[in-house]
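Here the structure is laid out as structure tokens; the discussion comes afterwards.
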Amino acid sequence: MKTTGSRSGRELLLRLLVAALGGYAWAALAGVTLSWGLPWCCGWSRAQGVLTGSLSSVVFYLLAVVWAFSTHRLHLALLISALLWGVMLGWVY
């Protein structure tokens, strides 16, 4: 497989995994945290907090995907993705 530029196939696969799995973890944590925190700190109703948290989680997912493909430090992206998954799984279990 011929690669263009400086990215190899393995690096591209790792970036895809970081974007997909790390982005999901970041979006899920941000959505749950905002859904829980906004009614508590801002005095909103629960429905407003859940709606805002759900809609903003899409933005967090997009930011994670953009960051996964723009960073030069792939190992740092992998580490942060693993830490986010650890936090999310620790929170659930």
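Considering only residues that are part of a helix (DSSP H, G or I), of a type outside the set (A, V, I, L, M) and surrounded by 12 or more Cβ atoms within 10 Å (Cβ to Cβ), which ones fall in region 5-17?
If the condition is that a residue be part of a helix (DSSP H, G or I), of a type outside the set (A, V, I, L, M) and surrounded by 12 or more Cβ atoms within 10 Å (Cβ to Cβ), then Glu11, Arg15 are the ones that fit.
For region 73-92, enumerate the residues that are exposed (fewer than 11 other Cβ atoms within 10 Å of the Cβ) and closer than 14 Å to Ala28 by Cβ.
Those that are exposed (fewer than 11 other Cβ atoms within 10 Å of the Cβ) and closer than 14 Å to Ala28 by Cβ: Leu89, Gly90, Val92.
Within region 43-54, how many residues turn out to be assigned to a helix (DSSP H, G or I) and open to solvent by 70 Å² or more (accessible area, probe 1.4 Å)?
5
Scan region 61-72 for residues that are in contact with a helix residue (DSSP H, G or I) (Cβ under 9 Å, 6 or more places away or on another chain) and either open to solvent by 40 Å² or more (accessible area, probe 1.4 Å) or not polar (S, T, N, Q) (or both) and jot them down.
Selection gives Tyr61, Leu62, Leu63, Ala64, Val65, Val66, Trp67, Ala68, Phe69.
Could you identify the single residue in Ser35, Ser70, Ser56, Ser45 that is more than 16 Å from Gly86 (Cα to Cα) and in contact (Cβ under 8 Å) with a residue 24 or more places away in the chain?
So the residue among Ser35, Ser70, Ser56, Ser45 that is more than 16 Å from Gly86 (Cα to Cα) and in contact (Cβ under 8 Å) with a residue 24 or more places away in the chain is Ser56.
Hey, among Ala27, Ala20, which residue is surrounded by fewer than 17 Cβ atoms within 10 Å (Cβ to Cβ), under 20 Å from Trp85 (Cβ atoms) and at pLDDT 90 or above?
So the residue among Ala27, Ala20 that is surrounded by fewer than 17 Cβ atoms within 10 Å (Cβ to Cβ), under 20 Å from Trp85 (Cβ atoms) and at pLDDT 90 or above is Ala20.
The values are calculated or read from the model by the stated rules, or taken from the named source; none is laboratory data. Keep in mind it's a predicted model, so treat the numbers as computed, not measured. In this analysis, Cβ positions are derived from the backbone assuming ideal geometry, glycine residues included, and neighbour counts consider all displayed protein chains. To get the accessible areas, we keep the full protein, side chains included, count just its heavy atoms, and leave off ligands, DNA and RNA. Shrake-Rupley method; radii C 1.70, N 1.55, O 1.52, S 1.80 Å.
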